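To start, the structure under review is shown below, and the notes come after it.
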Amino acid sequence: MKLEVLSLLALGCVSASAQFKPDFKLKADDFTVLMGVDAQLTDGLKRAPLNGHGKFHVYDWNNAKQAATWKITSGEAAKHEVFVLIRRANNQPLVFSLDAAAGHSIHATLPANPGRWQRVKLDGLLDIPAGDSSVSLHIAAADGKADFNAELHAVELIRPAVRSELARRALAMRADPTWFQNARYGMMVHWTKQSMPLNGDPKPYAQAVADFDVEAFADAMKSTGAGFVVVTTSHAMQYFPAPIKALDAIIPGRTTARDLPADLAAALNKRGLKLFLYFHLGASDDAEWLKASGFWETDTSKFFGNWKSIISEIGERYGDKLAGWWFDDGATNYYYRSAPWEALDKAAKVGNPQRLVGFNAWELCNPTEFHDYCTNEGGADPRGIEPLLTPASNGRYPSGSHAGLQASACLIADSTWLHTSKNTPPSGPRWNADQLAELLKGFIALKNVPIFNLEITQDGQLSPQSLAVFRQASAKLQSSP
C-alpha cells in the first residue's frame, strides 16, 4: 500500500471507466470473492474511496435493517462454505446471516474481540442453485441492540472439498523460512523511475540504472547488520532494471540493457546478504501499462498471464540468487480479482522452489494460503498481528487469518518510502541506536523478521545518520548477552 494509502482519502473515487468490474461468476475450483464495495447496498452503508491501487471496504454498518446483496451466476447447483471478512469499531458480539435462493440461510456469531480484521466462517453450507441468483448479507448485534458499528471487506464462497485440496497444495509449496529467521532483519529501498537525485534533475531511467554503484550500495547494506535486502523494481510505474523480454513484449521501452538485480545479487552475496525483489502489479500513475497489460479487464486471464510471464522469466533468470519476492497490494488489488493464487505462487517460485513469497495484506486478512510469510506492513509491534506471537510460536502465526505463515513486518526507517523531493537529502532515522536495538531484540526473540525501508536517492545516497543508527544498534546486539 505505502504511498497510495497516504493519499487515499484525498484521491476520492475514480471514474467508473477506471475500475475493475467483476462478472460475479462462481468459481468451481477456487475461492470466489464478493467485495463489499461491489455489492448493492442499502441506505446508510458507505463505500471507502476507490483508487487505482485497490478496493477497500464498506463502513457505517450499524443496524440490522442494512444489507449487502450480490447478483451471482453459478454453473451448477452446489453447496458452498461462506467466510465473512469483517472488522468492528467496538467490542460487541455480532450475528451474521447470508441468505440465498429459496430462503436458505446460514449464520454465525462473532464473539467479543478487539477491533481488527477477521475472517469469520459461517456455520453449515449454503445451497446455491445453478444459473442466476443472489445472496444477501445481514449483520445484527447478538443482544438485539443497535449500537454496533462494523466494516465489511468481503464475502468468500468456496466448495468444501475444493478448499481442503487448495489448503493441502498450498502447504506443500511452502518454502522453509529458517534462513530468513536466522537473518534476523532486512533492509528495503524504493529505488524506482520516480526517485530523485540528491542534487539537480533526475537522469533518464536507463542511465540511472547504468550508473548505479552496486558495490557502494552493498557496503552500506552490509554495515546495517541486516541479512538480506529488498529492492523495489516496479512501484507506481511499471519499469524493470534488466532486459526482461516478457515486459518488452507487453510494453516496449520499460527495461534496461544493464541487469541491475544480477549485479546487486552478486555484490550482496559477496558480503553474505541475500536479495529480495519488490514488485507492484500496477498503479493509476501508469495509464499506458494499465491499458497494455489488461489491468481493468473483467476476464483476468490476459492480465495474470502477463504477470506470470514477467515474474517467471525473472525467477528463471536469477534462480537461487533471488531469495524472495515482496508483492504489494495482495489484499487490496489481487484479492478482489479472485486471483489464481496457486498459479501466481508457482510463477513466483520458478527457478527456486525455496524462494520466499509474500503478498502484502496490509492491515487486512491474509488474502491467500499460497505464500510463505506475512508482510505486516507498518507492524511495529514485535508480537505481530493478533493472535500475538509467543516464544513457542517459532516465528509462525499459530492461528487466525495468517495461521501458519512466517511472521515479518515492514517499517519506514526514515520518514517516507520513496525519495521524490528534488535537491533534498534523505531524511534522518526514526529511532536512536538504543531504541532501535531494543526494538530489534524484541523481534529477534520472537523470530519475527522486520524489514526496514531506507530512503535512497536516484544516485544511491542514503541518510548517513540512519546508517550510523543501524551500525550502532547492530553493534549493541552483538555485544548483548
Task: strands (runs of 3 or more DSSP E) enclosed by segment 79-198 - at least 2 residues per element that are without any contact (Cβ under 8 Å) to a residue 60 or more places away in the chain - done: 94-99, 105-110, 118-121, 126-128
Open item on the list: Out of Gly36, Gly54, I need the residue that is of a type in the set (Gly, Ala, Ser), at pLDDT below 95 and under 17 Å from Ala331 (Cα atoms). Which one?
Closed with: Gly54
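I'm trying to understand the selection: among the residues of segment 305-360, which are β-branched (Val, Ile, Thr) and under 25 Å from Ser401 (Cβ atoms)? Can you show your working first?
Residues of segment 305-360 that are β-branched (Val, Ile, Thr), as a first pass: 310-311, 314, 332, 350, 357.
Ile311, Thr332, Val357 - these are the residues of segment 305-360 that are β-branched (Val, Ile, Thr) and under 25 Å from Ser401 (Cβ atoms).
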- [ ] Of the conditions (1) farther than 22 Å from Lys27 by Cα; (2) crowded, with 21+ Cβ neighbours inside 10 Å; (3) of a type in the set (Val, Ile, Thr), Val135 clears all except one; give me its number.
- [x] (1)
Open item on the list: Just to be sure before I move on: is Ala468 at pLDDT 95 or above and either over 25 Å from Trp179 (Cβ atoms) or not assigned by TED's automatic domain parsing to the domain that holds Ala206 (or both) in the structure I sent?
Closed with: yes
- [ ] Give me the pairs, please: first residue somewhere in segment 458-472 and surrounded by fewer than 17 Cβ atoms within 10 Å (Cβ to Cβ), second residue anywhere and in a helix (DSSP H, G or I), beta-carbon distance under 7 Å, and either six or more positions apart or on two chains.
- [x] Arg471/Ser223; Gln472/Ala433
TODO: Go through (1) farther than 24 Å from Val209 by Cβ; (2) of a type in the set (Gly, Ala, Ser); (3) assigned to a helix (DSSP H, G or I) and name the single condition Ser466 misses.
DONE: (1)
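Select from segment 95-127 the residues that are hydrophobic (A, V, I, L, M, F, W, C), modelled with pLDDT of 90 or more and in contact with a Phe, Trp or Tyr (Cβ under 9 Å, 6 or more places away or on another chain) and write down the one among them that is farthest from Leu364 (Cα to Cα). It would help to see each step written out before you state the result.
Initially, segment 95-127 is screened for residues hydrophobic (A, V, I, L, M, F, W, C), giving 95-96, 98, 100-102, 106, 108, 110, 112, 117, 120, 122, 125-126.
When the remaining residues are screened for being modelled with pLDDT of 90 or more, the result is 95-96, 98, 100, 117, 120, 122, 125-126.
With the extra rule that they be in contact with a Phe, Trp or Tyr (Cβ under 9 Å, 6 or more places away or on another chain), the set shrinks to 120, 122.
Numbers: Val120: 13, Leu122: 19 Å.
Among them, the one singled out is Leu122.
In a loop (DSSP other than H, G, I, E, B) and surrounded by fewer than 23 Cβ atoms within 10 Å (Cβ to Cβ): which single residue out of Pro387, Pro367 fits that description? Before you say what the answer is, go through the steps one by one.
Numbers: Pro367 fails: surrounded by fewer than 23 Cβ atoms within 10 Å (Cβ to Cβ).
Within the list Pro387, Pro367, the selection yields Pro387.
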Open item on the list: Conditions first: (1) touching a Pro at 6+ places or on another chain (Cβ under 9 Å); (2) crowded, with 18+ Cβ neighbours inside 10 Å. Phe452 passes all but one, so which condition is the exception?
Closed with: (1)
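Is it the case that some residue within segment 437-452 is among the β-branched types (Val, Ile, Thr), assigned to a strand (DSSP E or B) and closer than 23 Å to Asp381 by Cα?
So far as segment 437-452 goes, yes, one or more of its residues are among the β-branched types (Val, Ile, Thr), assigned to a strand (DSSP E or B) and closer than 23 Å to Asp381 by Cα.
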Open item on the list: I'm trying to understand the selection: among the residues of segment 225-277, which are part of a strand (DSSP E or B) and not polar (S, T, N, Q)?
Closed with: Phe228, Val229, Val230, Val231, Lys274, Leu275, Phe276, Leu277
Task: Qualifying positions in segment 399-413 - at pLDDT 95 or above and either in contact with a Pro (Cβ under 8 Å, 6 or more places away or on another chain) or among the charged types (D, E, K, R) (or both) - done: Gln406, Ser408, Ala409, Cys410, Leu411, Ala413
Open item on the list: Report every pair of residues separated by at least 6 positions or lying on different chains whose Cβ atoms are under 6 Å apart, first residue within segment 380-391 and more than 12 Å from Glu363 (Cβ to Cβ), second of a type in the set (Lys, Arg) and surrounded by fewer than 21 Cβ atoms within 10 Å (Cβ to Cβ).
Closed with: Leu389/Arg383
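The values are calculated or read from the model by the stated rules, or taken from the named source; none is laboratory data. All values reported here derive from a predicted model rather than from experimental measurement. Every residue, glycine among them, receives a Cβ derived from its backbone with ideal geometry; neighbour counts consider all protein chains shown.
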